[in-house]
Every structure is written in C-alpha cells, then in structure tokens.
Amino acid sequence: MRSTTGWQAHGTTELRRVSIPRRDLRRDDIAVRVDFCGVCHTDLHAVRAHDGDDVLVPGHEFTGVVTETGPDVTRFRVGDPVAVGNIVDSCGVCVMCAAGQENFCREFPTLTYGGTDRHDGTTTLGGFSREHVVREGFAYPLPAGLDPAAAASLMCAGITVWEPLRALGVGPGSRVAVSGLGGLGHLAVKFANALGAEVTVVSRSADRAGEAVKLGAYDLVDSGDPDAMAAARDRFDVLIDTIPVPHDVGPYLRLVAVDGTLSHLGHLGTITVEAMDLLVGRKKLSSAGSGGRPATAAMLDFCAAHGITADVEVLPSARVVEALDRLERGDVRYRFVLDLSDLS
Ligand SMILES: [Zn+2]
Ligand SMILES: [Zn+2]
C-alpha cells in the first residue's frame, strides 16, 4: 500500500486534508499525479449526504500525468498527460461491456469514488487527492492542445451530455434545446453547436441570453415567460434537460417536436409525467449517465478537433469547501476545478 494526500469529507460540510491509501500498482494499472479535478453536483450530494462512517474522498473528473506504469500497461508511458472520469472499472464481459457501454455494466461499473474495488473490496477514493491509481483501460490520453484544467470537466460533465447527444443523432440541421446552464448544460451547448445543430437555451434567467449566445446558442427561451414557452412549443428535436434539482418535466416536454426526445440528465430520482405530454406528438422521455470507453475517447477526439473544453474557475484545492458552497448556490460559470498542486 502507498499513500497520498487528499480531501476527505468530515461531516456534511467540511473536508479535511489527510493522508489516504492508494493501492500498489497491479499489472495493468497506472499511477497518475492528479493536477486538476472538477467539482461536480455528485460531489456536492455525496458530501451533504455523508453519514460519517464511510470514508469519502470525492472527485471524478480529473487530469494529470502518468508517473508509473504496471508491467502489462501498453497505452501509456511515464510523463503522458492523461484524463480519468467517473468510472474506473467494469466486469468487461457482460453484454453492455461487450458493446462498449461499460457505464451500464450489468455488474455495475466501479465508480471512481464511493465504489467497491472489484479485486480487493476496498472503497474507492476520488480525485480530490494528489495521486490516483487506475486501470489503464479506464484512463484516456489527454489530447495535446486541450488545457488540462479546463479539460478535466469533460470527463464527467462532458461525457454525460456527449453520449446522449450522439445516441440521439444530433447533427447538422438538428434543433436542440438545453435547459439548465451549468456544468453539463454549457458543454451541451458547445457540443451541439459544434455538431452542427441549432441550439437554444431554455432558462428562467432571461438575462443570460448573452452568455448563451457566447457559448454557441442561437437564442434563449425564458422558461418563466408563458408566452415565450408557448411560442417555442413543439420546436425541438432533442431537449437536453440538465436541471440538477427536482422539477416538472411537463413544460419542457411541450417544447419537444413530434417524435422528438427529452433526455433527462441532471437529476436522479422520481420523475412524474402526464401521459398526455408524451401522447401529443409521440414524444419520448429518455435518460443517460456517463459514457462507455469508445464514446469517451470519441468525445476527447472531438474536443481536440474543435478546441472545446469547459469554462472553468480554477481554485487551489484548499478552497474545496468554498467551491462546494458556491456550487450549491449556483454561483459558478460554469464549473469549478480544483488545482491539486497545493497538496504536494
Ligand atoms: Zn460528476
Ligand atoms: Zn460488464
């Protein structure tokens, strides 16, 4: 066993800088010096729900540099820039894994933190730390030209919107709406725009129209304005709903065009739907989460080709509590990223 320094939840509001264990490298593992790790709503939920007994080190979208390789590693060398997301292992043999959908592994993928390691049964600890040890198959070369701080958030926020956009066939001519202009939403706007779609942001903050256009949107529909919502009825082939809190999907379904799809991504939990909101227009309600290895690699290639990264506010990792508090208030444009170099 080796050790590193990380930020461990203490209660539901505090994180403490402590020494945490990392496994010795297995044959197909790489060790990564974590340079930047994004702060996700999942991290916020995990800390706020932390019951005190389990060891919680959040963080599941990070970039860094390979510092050591196991003897069977073929895709990485020491010194390579690397990116890791919210899945670090899967069974590798089920139908989902065989289809490149490790995110839907029948045995459940091993999560980057709060998961159970498939080999030694330990609880996985996340990227709010200076070093991570991960199977090479779940690490991705970070393309040259992408800023490592701004690229970190591609690995959770990015892939979470990328896979459904691709699966729903978004491309030139698609009319796409994005609700919720946060970490996921702002990347959905950038991706859909770069894929050739005409993108509209749906937001209750009409004063964010300028921001939306800057990100690549064509316009903004004010969700608080009944006339604007009525005017946008049946308009979008795909609506990417990234609102991170419980909400009524009815008003958003009504914006979806005939045979179109609402992809509900930002909030896990019960959704109540009026059947009539689906019936009128043969509309589809869908969801997705994270992405498989092929989609993740394709997303990074696409980002490199189009120069896409997240818009981030980088903070030294010692300010992690401030980042979580501000994320909770929606006070971030659009993603916090922790700089872990203060843990050296
Ligand atoms: Zn996340
Ligand atoms: Zn599997």
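The values are calculated or read from the model by the stated rules, or taken from the named source; none is laboratory data. None of these values were measured; they are calculated from a predicted model. Methodologically, a virtual Cβ is constructed for each residue, glycine included, from the backbone with ideal geometry; neighbour enumeration extends over all protein chains shown.
Residues that are away from ligand 1 (no atom under 16 Å from the Cβ), touching a residue at least 24 places away in the same chain (Cβ under 8 Å) and in contact with a strand residue (DSSP E or B) (Cβ under 8 Å, 6 or more places away or on another chain) are absent from the range 103-115.
Checking the conditions here, which among 149, 188 is part of a helix (DSSP H, G or I), modelled with pLDDT of 95 or more, outside the structural domain of residue 215 (by TED's automatic domain parsing) and crowded, with 20+ Cβ neighbours inside 10 Å?
149
Taking the numbered list (1) part of a strand (DSSP E or B); (2) surrounded by fewer than 21 Cβ atoms within 10 Å (Cβ to Cβ) in turn, residue 63 passes all entries but (2). Of all residues in the range 116-146 being part of a loop (DSSP other than H, G, I, E, B) and acidic (Asp, Glu), which is farthest from ligand 1 (Cβ to nearest atom)? Step by step, filter the range 116-146, then rank; the result is 120. Inspect the range 88-101 for any residue being more than 16 Å from ligand 2 (Cβ to nearest atom) and not assigned by TED's automatic domain parsing to the domain that holds residue 183 and give the result as yes or no. No, the range 88-101 contains no residue that is more than 16 Å from ligand 2 (Cβ to nearest atom) and not assigned by TED's automatic domain parsing to the domain that holds residue 183. Counting the residues of the range 269-288 that are closer than 22 Å to residue 111 by Cα and either surrounded by 14 or more Cβ atoms within 10 Å (Cβ to Cβ) or modelled with pLDDT of 95 or more (or both) gives 2.
In this structure, does residue 158 turn out to be in a loop (DSSP other than H, G, I, E, B), more than 16 Å from ligand 2 (Cβ to nearest atom) and buried (at least 24 other Cβ atoms within 10 Å of the Cβ)? No: the conditions fail for residue 158.
Take residues that are farther than 23 Å from residue 103 by Cβ and tell me which of the strands (runs of 3 or more DSSP E) falling wholly in the range 231-309 contain 1 or more.
Passing ranges, in order: 236-241, 256-264.
Confirm whether residue 52 is farther than 19 Å from residue 128 by Cβ and either surrounded by fewer than 24 Cβ atoms within 10 Å (Cβ to Cβ) or at pLDDT below 95 (or both). Here the answer is no, as residue 52 does not meet what is asked. In this structure, residue 83 does satisfy being more than 16 Å from ligand 2 (Cβ to nearest atom), under 19 Å from residue 337 (Cα atoms) and assigned to a strand (DSSP E or B). The single condition among (1) at pLDDT below 95; (2) surrounded by 24 or more Cβ atoms within 10 Å (Cβ to Cβ) that residue 199 does not meet is (1).
Filter the range 77-102 down to the residues that are crowded, with 20+ Cβ neighbours inside 10 Å, away from ligand 1 (no atom under 16 Å from the Cβ) and under 16 Å from residue 34 (Cα atoms) and list them by number. Residue satisfying the conditions is 82 alone.
Among the criteria (1) within 24 Å of the chain's Cα centre (by Cα); (2) surrounded by fewer than 20 Cβ atoms within 10 Å (Cβ to Cβ); (3) modelled with pLDDT of 95 or more; (4) more than 16 Å from ligand 1 (Cβ to nearest atom), the one residue 71 does not fulfil is (1). All of (1) more than 14 Å from ligand 2 (Cβ to nearest atom); (2) without any contact (Cβ under 8 Å) to a residue 24 or more places away in the chain; (3) closer than 23 Å to residue 288 by Cβ hold for residue 153 with one exception: (2).
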